[in-house]
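The values are calculated or read from the model by the stated rules, or taken from the named source; none is laboratory data. These numbers were taken from a predicted model, which means no experiment stands behind them. Cβ atoms come from the backbone with ideal geometry, glycine included; neighbour counts cover every protein chain shown. These accessible areas exclude ligands, DNA and RNA; they are computed on the full protein's heavy atoms, side chains included. Shrake-Rupley method; radii C 1.70, N 1.55, O 1.52, S 1.80 Å.
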Amino acid sequence: MFKAAEGLRNEFCIQVKGLVRARPDGTTNDSLKSGKIEVLCHELNVLNPSVTPPFQLDDENLSETTRLTHRVLDLRRPYMQRNLMLRYRVAMEVRKFLDGNGFIDIETPMLTKSTPEGARDYLVPSRVHDGQFFALPQSPQLFKQLLMVAGYDRYYQITKCFRDEDLRADRQPEFTQIDIETSFLGEQDIRDMFQGMISSVFKNVLDVDLGEFPVMPYAQAMHRFGSDKPDLRVKLELTELTDVMADVDFKVFSAPATMAGGRVVALRIPGGGEMSRGEIDGYTEFVKIYGAKGLAWIKVNEVAKGRDGLQSPIVKNLHDKAITEILGRTGAQDGDLIFFGADKARVVNDAIGSLRIKIGHSEFGKKRQLFEDRWAPLWVVDFPMFEFDEEAQRYTAVHHPFTAPKDGHEDWMVSAPEKCIAKGYDMVLNGWEIGGGSVRIHRADVQQKVFDALKITPEEAQLKFGFLLDALQYGAPPHGGLAFGLDRIVTLMTGAESIRDVIAFPKTQRAQCLLTQAPSPVDEKQLRELHIRLRNPDAVQVG
């Protein structure tokens, strides 16, 4: 038995039979869960030896490529074990809450019809129907509405969804959604119920009280933070200057201030005057990622001196009234730094909104107490129904084309779509959108008005959504719901840097599985059966 023990190595699977007993005094090990006991071995069997692992399981400096390539071993690490156990507990708490409130779990199809929902579909060719394709669902949106029409008034499922979109830390091509729909409840009722669900999950899993959920209109969120999912832990806000900059000599400011859809804002950084030119240049390169052409700035040395107390190459191009307004509106103090964004509103919001987060989360931001370490939930409501796509020269749906307008806004859909406000709502936590939804359109005539605003012809609507439009004619009840991102919720709860750390077998940012080497070439015979010929002559095929 001792000889067998001498041959044991890391990751061997063994069976031990013996006497479990307390360790003698002075030999306990408080760093181990089992540190107060030992097993007096009577019998030792090696059930399965292991080859030498490619890494030590306690190595904290593994690259993600190594971890995902050897994911089976990575999943043995205590870090991943804890994450996936917490994910399980979250899912169970969700199910308990929904079951207790009369919701039933109903599955919907994975092979369905391709419909335009904002991202690219993953398509699945049909072998039986030559030249035709299924699509993997981006969400069960249409089916859950059909279930409401069918009389299943409280539905949910924890399901996979698929979107072929550009990836980042909080996205995966396949992700898990807590999908919920209910009939006869309004906006406030739905928000109240599912705020209760998320609060219950955090309390029961982490013993965290999320407290009150502030409610903020979309327009206010964009005005103050440049984002529809603001991180309220960061104590910085945008200051509107568009009206002030219309007549300054500095065209970098005056041109956006006078153009349609332009915006000029300031972002005051308390104590930011101590930043070096190198740090400022680094932030300038950062905002360029979001389309900004540059980053103007002013260092406030002495407020009382006005223009003479400011340090910046742009000050000479601003008249006295503009300088007074900048200092007054931002509340600038001696030693502050003011950054500026000036461009189309979308570029300004993306660039300066992201800069706000970056500075707030930086070591500088934490040292200057610009960041408050807490849980910061928020409801963002009153989203616009439509946004104008300049490239396509038409309006598109902000959420999806089945979102109901606010009462009385139906008549603006054709005459003034930009005025229409939706019965939509997003739940935000620490700057992440963890859930979103809306009250749906339950009348065919209102749905047709939305299609008209989106320039979807009756023929196209019938081709894409005919089954839903037909169903709405049969006494469809008022209904609404929302969907939560399970992956995102668990990522926040664990403090992981990426949702890949809370998914057992995730894809990389290039939408690849390093473990299975998917996607991969397929046999020429399979392609022939599907009536598919690859147009790229250099494409690799098997067989």
- request: May I ask you to list the residues in the range 177-212 that are aromatic (Phe, Trp, Tyr) and buried (at least 18 other Cβ atoms within 10 Å of the Cβ)?
  value: 194, 202
message: List the residue pairs whose Cβ atoms are under 8 Å apart, where the first residue sits in the range 237-248 and is closer than 11 Å to residue 342 by Cβ, the second is open to solvent by less than 10 Å² (accessible area, probe 1.4 Å) and in a loop (DSSP other than H, G, I, E, B), and the two are 6 or more positions apart or on different chains.
response: 248/318
Close pairs from the range 344-356: first closer than 15 Å to residue 228 by Cβ, partner polar (S, T, N, Q) and open to solvent by 10 Å² or more (accessible area, probe 1.4 Å), Cβ under 6 Å, at least 6 apart: 353/227
task: Please verify whether the range 150-165 includes one or more residues that are aliphatic (A, V, I, L, M) and either in contact with a Lys or Arg (Cβ under 7 Å, 6 or more places away or on another chain) or more than 25 Å from residue 431 (Cβ to Cβ) (or both).
output: yes
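Rundown of residues vs (1) over 21 Å from the mean Cα position of the chain (by Cα); (2) of a type outside the set (A, V, I, L, M, F, W, C), yes/no style:
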residue: 359; (1), (2): no, no
residue: 391; (1), (2): yes, yes
residue: 397; (1), (2): no, no
residue: 418; (1), (2): yes, yes
residue: 421; (1), (2): yes, no
residue: 425; (1), (2): no, yes
residue: 450; (1), (2): yes, no
residue: 453; (1), (2): yes, no
residue: 457; (1), (2): yes, yes
- prompt: Is one or more of the residues making up the range 326-338 within 14 Å of residue 268 (Cα to Cα) and among the hydroxyl-bearing types (Ser, Thr, Tyr)?
  reply: yes
task: Scan the range 371-412 for residues that are assigned to a loop (DSSP other than H, G, I, E, B), open to solvent by 10 Å² or more (accessible area, probe 1.4 Å) and either farther than 22 Å from residue 445 by Cβ or touching a Gly at 6+ places or on another chain (Cβ under 6 Å) (or both) and report the count.
output: 10
query: Restricting attention to the range 50-57, does a residue exist that is open to solvent by 100 Å² or more (accessible area, probe 1.4 Å) and of a type in the set (S, T, N, Q)?
result: yes
task: Check 511, 496, 483 and return the single one that is at positive phi, within 28 Å of the chain's Cα centre (by Cα), surrounded by 14 or more Cβ atoms within 10 Å (Cβ to Cβ) and among the hydrophobic types (A, V, I, L, M, F, W, C).
output: 511
message: Return the residues of the range 336-362 that are crowded, with 19+ Cβ neighbours inside 10 Å and assigned to a strand (DSSP E or B); say none if nothing qualifies.
response: 337, 338, 339, 340, 341, 342, 343
task: Test residue 432 against the criterion of being open to solvent by 10 Å² or more (accessible area, probe 1.4 Å), among the hydrophobic types (A, V, I, L, M, F, W, C) and in contact (Cβ under 8 Å) with a residue 60 or more places away in the chain, and give yes or no.
output: yes
query: Taking only pairs six or more apart or across chains, which ones have beta-carbon atoms under 7 Å, a first residue in the range 31-54 that is more than 18 Å from residue 73 (Cα to Cα), and a second residue that is β-branched (Val, Ile, Thr) and open to solvent by 90 Å² or more (accessible area, probe 1.4 Å)?
result: 37/20; 39/20
message: Being outside any helix (DSSP H, G or I) and over 18 Å from residue 144 (Cβ atoms) is the requirement here; does residue 510 meet it?
response: yes
Set 433, 372, 410: member being touching a Lys or Arg at 6+ places or on another chain (Cβ under 7 Å) and either farther than 30 Å from residue 358 by Cα or among the aliphatic types (A, V, I, L, M) (or both): 410
Matching residues in the range 438-474 - criterion: being aromatic (Phe, Trp, Tyr) and either open to solvent by 60 Å² or more (accessible area, probe 1.4 Å) or over 22 Å from residue 157 (Cβ atoms) (or both): 451, 467, 474
task: Those residues that are closer than 16 Å to residue 345 by Cβ and part of a helix (DSSP H, G or I), I need them from the range 243-253; list them, please.
output: 245, 246, 252, 253
message: It is to be established whether one or more residues within the range 220-233 are over 23 Å from the mean Cα position of the chain (by Cα), under 26 Å from residue 315 (Cα atoms) and crowded, with 18+ Cβ neighbours inside 10 Å.
response: no
field: Residues located in the range 110-126, provided they are β-branched (Val, Ile, Thr) and either open to solvent by 40 Å² or more (accessible area, probe 1.4 Å) or not in a loop (DSSP other than H, G, I, E, B) (or both)
entry: 112, 124
- request: Consider residue 107 carefully, then state whether it is among the acidic types (Asp, Glu), open to solvent by 40 Å² or more (accessible area, probe 1.4 Å) and at negative phi.
  value: yes
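Taking the range 169-210 as the region of interest, how many residues are part of a loop (DSSP other than H, G, I, E, B) and under 22 Å from residue 476 (Cβ atoms)?
Of the range 169-210, the ones part of a loop (DSSP other than H, G, I, E, B) are 169-173, 184-186, 207-210.
Right, trim to under 22 Å from residue 476 (Cβ atoms) and you get 184-186.
Final tally of qualifying residues: 3.
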task: Determine the pairs where a residue that is part of a loop (DSSP other than H, G, I, E, B), located within the range 127-143, has a partner that is crowded, with 18+ Cβ neighbours inside 10 Å and aliphatic (A, V, I, L, M) with Cβ atoms under 8 Å apart, the partner being 6 or more residues away or on another chain.
output: 139/483
- prompt: Which residue pairs have Cβ atoms under 9 Å apart, sit 6 or more places apart or on different chains, and have a first residue in the range 266-285 that is under 19 Å from residue 347 (Cα atoms) and open to solvent by less than 40 Å² (accessible area, probe 1.4 Å) and a second that is of a type in the set (Asp, Glu) and not in a helix (DSSP H, G or I)?
  reply: 266/240; 267/237
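Looking at this structure, is residue 477 open to solvent by less than 70 Å² (accessible area, probe 1.4 Å) and in contact with a strand residue (DSSP E or B) (Cβ under 6 Å, 6 or more places away or on another chain)?
So residue 477 passes the test.
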message: Anything in the range 262-299 that is within 19 Å of residue 360 (Cβ to Cβ) and aliphatic (A, V, I, L, M)? List them, or say none.
response: 265, 266, 267, 269, 275, 280, 287, 289, 292, 295
